[in-house]
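Remarks on the structure that follows.
The values are calculated or read from the model by the stated rules, or taken from the named source; none is laboratory data. The structure presented is a predicted model; accordingly, all values stated were derived computationally and were not measured. Every residue, glycine among them, receives a Cβ derived from its backbone with ideal geometry; neighbour counts consider all protein chains shown. Heavy atoms of the whole protein, side chains included, go into the accessibility calculation; ligands, DNA and RNA do not. Shrake-Rupley method; radii C 1.70, N 1.55, O 1.52, S 1.80 Å.
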Amino acid sequence: MYQYTFQNHFKFGYNHDNKYQPRESAVDLFSFQYGSVTDPKLNWRQSNELAARQIYDNKHQDVTILLSGGMDSEICLRSFCDQKLPVKTVSLRFLDFDQSEELSYIYKAIHKYNLKNHEFVDVNVQSF
C-alpha cells in the first residue's frame, strides 16, 4: 500500500498490495489503513493540525486539497486553515450528474474559509 503520511499513518492501495499501483481490473479492491495514535496527549483536532503542519513543512510543491463537499475534505481543509497555512483548493463538477447537494456544501466552505482562488474542474463522466 502507498505510504502517504508521516510515519505511514495513512496507507492506501489496491488488493492489500505493499505498494500503490493503478487499478488494473474491475475486481481490484481499494483498501486503506489508519495507524494508531502517535501521541496520546493530543486530541483528534490537534493530531489533524499536527499532520497538516508536517505535510506543509515537508512539501515539495504547493499543497492542494480536493474539496468534495464532504466532511473529510472539510476537516482536512480546516486543519490547514486553522494554522493559517496556505493551500490551493479544487473541486470536481460532474456535468452529467446531479451534484447539487455536494456543490452547496462546497460553496459554503468556499465562503466560510474565504477561499479566493478555489478552482473547479468540469468533468463529463460519460465522455471520460
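Mind checking which residues of the range 35-84 are in a loop (DSSP other than H, G, I, E, B) and touching a strand residue (DSSP E or B) at 6+ places or on another chain (Cβ under 9 Å)?
Narrowing the range 35-84 to residues in a loop (DSSP other than H, G, I, E, B): 35-43, 58-63, 67-70, 82-84.
If the condition is that a residue be in a loop (DSSP other than H, G, I, E, B) and touching a strand residue (DSSP E or B) at 6+ places or on another chain (Cβ under 9 Å), then G35, D62, V63, L67, S68, G69 are the ones that fit.
With respect to E119, is the statement that it is open to solvent by 80 Å² or more (accessible area, probe 1.4 Å), farther than 30 Å from N15 by Cα and either at pLDDT 95 or above or of a type in the set (S, T, N, Q) (or both) true?
Details: open to solvent by 80 Å² or more (accessible area, probe 1.4 Å): yes; farther than 30 Å from N15 by Cα: yes; either at pLDDT 95 or above or of a type in the set (S, T, N, Q) (or both): yes.
Yes.
Hey, could you check the range 1-50 for residues that are charged (D, E, K, R) and open to solvent by less than 90 Å² (accessible area, probe 1.4 Å) and say which is modelled with the highest pLDDT? First the steps, then the outcome.
Here is the first cut: in the range 1-50, the ones charged (D, E, K, R) are 11, 17, 19, 23-24, 28, 39, 41, 45, 49.
Within this subset, residues satisfying the condition of being open to solvent by less than 90 Å² (accessible area, probe 1.4 Å) are 11, 17, 28, 39, 49.
Details: K11: 70, D17: 61, D28: 84, D39: 76, E49: 90.
Among residues in the range 1-50 that are charged (D, E, K, R) and open to solvent by less than 90 Å² (accessible area, probe 1.4 Å), the one modelled with the highest pLDDT is E49.
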_Residues (under 11 Å from F80 (Cβ atoms) and either open to solvent by less than 50 Å² (accessible area, probe 1.4 Å) or not basic (K, R) (or both)) located in the range 51-66_ = A51, A52, I55, Y56, V63, T64, I65
*Within the range 114-122, is there a residue that is part of a helix (DSSP H, G or I) and not acidic (D, E)?*
no
*Is it true that S91 is closer than 23 Å to A51 by Cβ and touching a Gly at 6+ places or on another chain (Cβ under 9 Å)?*
yes
*Does E74 satisfy the condition of being open to solvent by less than 50 Å² (accessible area, probe 1.4 Å) and modelled with pLDDT of 80 or more?*
no
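Tally the residues that are in a helix (DSSP H, G or I) and either in contact with a strand residue (DSSP E or B) (Cβ under 6 Å, 6 or more places away or on another chain) or farther than 20 Å from N48 by Cβ (or both), restricting the search to the range 94-107.
Of the residues in the range 94-107, the ones in a helix (DSSP H, G or I) are 100-107.
Pick out the ones that are also either in contact with a strand residue (DSSP E or B) (Cβ under 6 Å, 6 or more places away or on another chain) or farther than 20 Å from N48 by Cβ (or both) and you get 100-104, 106-107.
So the count comes out to 7.
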